[in-house]
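Structure first, then comments.
The values are calculated or read from the model by the stated rules, or taken from the named source; none is laboratory data. Only a predicted model underlies this, so the values are computations on that prediction, with no experimental measurement involved. Neighbour counts run over all protein chains shown; Cβ positions are idealised from the backbone, glycine included.
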Amino acid sequence: MAMPEVVVQRWNEMTEDEQQQAVNFIDFLLDKRKRSRVQEGGFQLGALKGGLVYIADDFDKTPEEFEECI
């Protein structure tokens, strides 16, 4: 869907502060939609795609601080 011309017109009428507030609100709405999807269906497949790039070789090793608890 292309950006409706009325949105561009209204955007150009706003101050920089108002534009930043509009961006913040858009971010809020997108984040709200992501959260509701996760709550509805649990973990979203592909959520870490491209984001998890490194796991240490000793990932499964118990940290020294906790070895006495084992």
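Conditions (1) outside any helix (DSSP H, G or I); (2) surrounded by 10 or more Cβ atoms within 10 Å (Cβ to Cβ); (3) among the hydrophobic types (A, V, I, L, M, F, W, C); (4) at pLDDT below 90, marked per residue:
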{"position": "Ala2", "(1), (2), (3), (4)": "yes, no, yes, yes"}
{"position": "Trp11", "(1), (2), (3), (4)": "no, yes, yes, no"}
{"position": "Glu18", "(1), (2), (3), (4)": "no, yes, no, no"}
{"position": "Gln21", "(1), (2), (3), (4)": "no, yes, no, no"}
{"position": "Ile55", "(1), (2), (3), (4)": "yes, no, yes, yes"}
{"position": "Asp60", "(1), (2), (3), (4)": "yes, no, no, yes"}
{"position": "Glu67", "(1), (2), (3), (4)": "no, no, no, yes"}
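If we keep just the residues of the stretch 40-53 that are on the phi > 0 side of the Ramachandran plot and modelled with pLDDT of 70 or more, which is surrounded by the most Cβ atoms within 10 Å (Cβ to Cβ)? Residue satisfying both the conditions and the ranking: Gly46.
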